[in-house]
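Reading through the C-alpha cells given below for one structure.
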Amino acid sequence: MTHQQSTVKKVKKNKRMAPKGRPIDLSALAEIRALLGDEPRRRDLLIEHLHKIQDTYHYISARHIVALAHEMKLAQTEVYEVATFYHHFDVVKEGENPPPPLTVRVCESVSCDLAGAKPLLAALKQGLGEGVRIIPAPCVGRCQHAPVAVVGQNPIDDATPESVCQAVQSNAAEAEVPSYIDYAAYRAHGGYKTLKACIEGQRYPESAIKAMENSGLRGLGGAGFPAGRKWRIVKGYPAPRLLAVNIDEGEPGTFKDRHYLESDPHRFLEGMLIAAWAVGISEIYIYLRDEYAACRQILTRELAALRANPPTKTHIIPPIHLRRGAGAYICGEESAMIESIEGRRGMPRLRPPFVAEVGLFGRPTLEHNMETLYWVRDILERGPEWFASYGRNGRKGLRSFSVSGRVQKPGVHLAPAGITMRELIDEYCGGMLPGHEFYGYFPGGASGGILPASLGDLPLDFDTLNPYGCFIGSAAIIVLSDHDSAKAAALNAMRFFEDESCGQCTPCRVGTAKAVTLMEKDDWDKPLLDDISKVMNDASICGLGQAAANPLQCVFKYFPQEAGISAVSPTAPININAEDESHS
C-alpha cells in the first residue's frame, strides 16, 4: 500500500459524515427556546421543561426531544428515558400519529371501580367521537367523589357519561379552584404569628424540636417515623440542608393532602417554614402530584403572596421551589421523589445512605409529608400535650382518615388515633349505604392489606394492625360491603402495582405481572402466589414491591372462600412491611 493510499484510508476511517444521534430541527429548536424563555437550562428542570412542551402541544415529539436535549446540553437518550418514564408525557415517535388534543382519564382504582368506573369508561368510549382520547387512569386522589373522570386537567366528580360529555363539549378542560383561606384571610386570623415569634427570637429551635418530640407526632405519609426525631437527626448533619415536601399523594384511597391544600394551604406553609427555621434549611422543594392542578394554582398564587409580603421584614424566606410531578406513583417513595426533583426517572435509591444524610443534590434532606407539616403550627401554639391528649384505646394523637367506599359520608374525617373501623363508620361516616352490610376494609390504601368486618374493632393507628398482616399507612380507608369481592379488590390493587412499578428491580417488575396473571384465574394457585409474595417482600428495593402482596395474602387468610381454597390457619405468616413514609 502506498503512502497516499494509507492517508486516504485513514481520512475515510476518521471522517464522520454527520453528528451522532438525530439531527436538530431548527424550527423545533426555535420553538423550544421560545417556550423556555429566560429560564435556566439546568438538569433538575428537565421535567418542568417537558411539561411546557406537553401543555403547549399536547404531546412530545421526537423533534422536540432532540431540540430540548441540545438546548439543555444533555444526551438525547437522557431526555427520552425521562419523558417516557412518566405517564403524563405523551411521547410520539417519528411516523406515529399524535394523540387527540383532549384526553379524558377515567379513574379505575378500587373506590372508583366499586362506584362503576368500568361501565363509565365503556360508555364514554362509545359516546365521545373522534378528537377525544379516553383512557383508564390510576387513582386521581378524589376517591370520596367516585367515580371520577378528568377532562384535560378538570376533574369531574361523581362522573356520569352525561356530565363528562358536557364538559368535553363545553371545552371545560381547566381545573376550577375551590374557595380557600388565602394569605390575607390567614394573616387576619393570626396566621404566621408563630413563625414570626420563632424568627424574632421569642422561640428557640431546640424548644421547637422538643415540642415536636413530646407531641408524639409521626410522619403522616405512611411509615410513621417520629417527626421531632427526624428534625434532630437532619439538624445534626452539616449545612447546607434542604427540605423536600412530598405531596405526591398517589396511594389509592388517599386524598387528605389535597383536602387540606384546597381549604387552608397557609397552615401547611407556615409549618413548613417553621420546620425550615428549626432545622436550619437553606432551600425548600415542594413536590406536588400532577393530578392536583387546582392545588398547583393555589400554591403558585399563595407562594407569590407570601414572598411579596413576608410575615416579618427581619427574615428572608428561603427559596421555595414548586415542582410538578408527571404521573408516577413510585415518586411517592422519598428517594424516588428526590430523583424526580433532580430531573431523572423516579427510581428508588438503595439505602444506606439515607435521605437525612445524603438526599436532594447530595445534601442532608428533611423529607416530610404535607400533612405532617400541617400540624406543626397547632402543636407549637397549643403545646405538645394538646396533640397527645387525643386518642382512643391507648393511642395518642389525631389522624386524618380518607374514607371512601360504601359509606354514606365519604371524605376526610379528623378523628382520634386508635378509633376502630366500626366507630369511624358509625360516628363520622353516617353508617353504611342503605342496603349494604359491612364486609371488609382496606385500612391503609391499596398496599395496606384487606381486613374482614370481623376485625372491625381493631384500633386504627401505627403498629396496631401489623399482627394482622396490615398497616394503616396514610390512613386511606376503603370500605367494602357484602355487594363487593375482596378477591376482585385485591386484583385491582395488584394491577395498579404492576402498572406503577418503576421496573428497576426484577422481584417487583416481574412479580406483580406474574401475580396479576395468576389472580385473574377463578381459583388461585396458593403455593405459587405465596412464593411470588415472599420473593417480592424479601428482595424488592422499595415499599411498592415489598407491600404489593399484602392484599392477596389477606384474601388467603381472611376471605379464603373467594380464592377457591380451604380456610387458612390464623397463624399463617403475612407480610407486614409498611411503605415508605412518602408514599402518601
Discussion item. Can you tell me which residue is farthest from residue 258 (Cα to Cα) among those in segment 154-175 that are in contact with a strand residue (DSSP E or B) (Cβ under 7 Å, 6 or more places away or on another chain) and assigned to a loop (DSSP other than H, G, I, E, B)?
Written reply: 172
Discussion item. Scan segment 398-405 and tell me whether some residue there is part of a helix (DSSP H, G or I) and in contact with a helix residue (DSSP H, G or I) (Cβ under 8 Å, 6 or more places away or on another chain).
Written reply: no
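Please verify whether residue 68 is at negative phi, without any contact (Cβ under 8 Å) to a residue 24 or more places away in the chain and surrounded by 19 or more Cβ atoms within 10 Å (Cβ to Cβ), treating the condition exactly as stated.
Values: at negative phi: yes; without any contact (Cβ under 8 Å) to a residue 24 or more places away in the chain: no; surrounded by 19 or more Cβ atoms within 10 Å (Cβ to Cβ): yes.
No, not satisfied.
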Practice prompt. Please give the number of the condition residue 106 fails out of (1) within 22 Å of the chain's Cα centre (by Cα); (2) open to solvent by 70 Å² or more (accessible area, probe 1.4 Å).
Written response: (2)
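Criterion first (more than 21 Å from the chain's Cα centre (by Cα), under 30 Å from residue 421 (Cβ atoms), modelled with pLDDT of 95 or more and among the aliphatic types (A, V, I, L, M)) does residue 330 satisfy it?
On the way: more than 21 Å from the chain's Cα centre (by Cα): no; under 30 Å from residue 421 (Cβ atoms): yes; modelled with pLDDT of 95 or more: yes; among the aliphatic types (A, V, I, L, M): yes.
Considered against the rule, which asks whether it is more than 21 Å from the chain's Cα centre (by Cα), under 30 Å from residue 421 (Cβ atoms), modelled with pLDDT of 95 or more and among the aliphatic types (A, V, I, L, M), residue 330 comes out as no.
So, in segment 492-502, of the ones that are free of Cβ contacts under 8 Å to residues at least 60 places away in the same chain and open to solvent by 20 Å² or more (accessible area, probe 1.4 Å), which residue ends up nearest to residue 560 (Cα to Cα)? So that I can check it myself, show each step before the final result.
We begin by selecting, within segment 492-502, every residue free of Cβ contacts under 8 Å to residues at least 60 places away in the same chain; these are 494-495, 497-498.
Next, from what is left, pick out any that are open to solvent by 20 Å² or more (accessible area, probe 1.4 Å): 495, 498.
Values: 495: 20, 498: 23 Å.
My answer is 495.
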Worksheet item: Of 507, 467, which residue is open to solvent by 40 Å² or more (accessible area, probe 1.4 Å), in contact (Cβ under 8 Å) with a residue 12 or more places away in the chain and outside any loop (DSSP other than H, G, I, E, B)?
Response: 467
Worksheet item: How many residues are in contact with a Phe, Trp or Tyr (Cβ under 6 Å, 6 or more places away or on another chain), of a type in the set (Gly, Ala, Ser) and not in a loop (DSSP other than H, G, I, E, B) if we restrict to segment 305-347?
Response: 1
Discussion item. Looking at 62, 34 in this structure, which one is open to solvent by 60 Å² or more (accessible area, probe 1.4 Å), among the hydrophobic types (A, V, I, L, M, F, W, C) and modelled with pLDDT of 95 or more?
Written reply: 34
Worksheet item: Does at least one position in segment 238-255 carry a residue that is assigned to a helix (DSSP H, G or I) and surrounded by 17 or more Cβ atoms within 10 Å (Cβ to Cβ)?
Response: no
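The values are calculated or read from the model by the stated rules, or taken from the named source; none is laboratory data. Treat the numbers as computed from the prediction; the structure is a model and nothing was measured. No Cβ is skipped: glycine too gets one built from the backbone with ideal geometry, and neighbour counts run over all protein chains shown. Please note that ligands, DNA and RNA were not included when accessible areas were found on the heavy atoms of the full protein model with its side chains. Shrake-Rupley method; radii C 1.70, N 1.55, O 1.52, S 1.80 Å.
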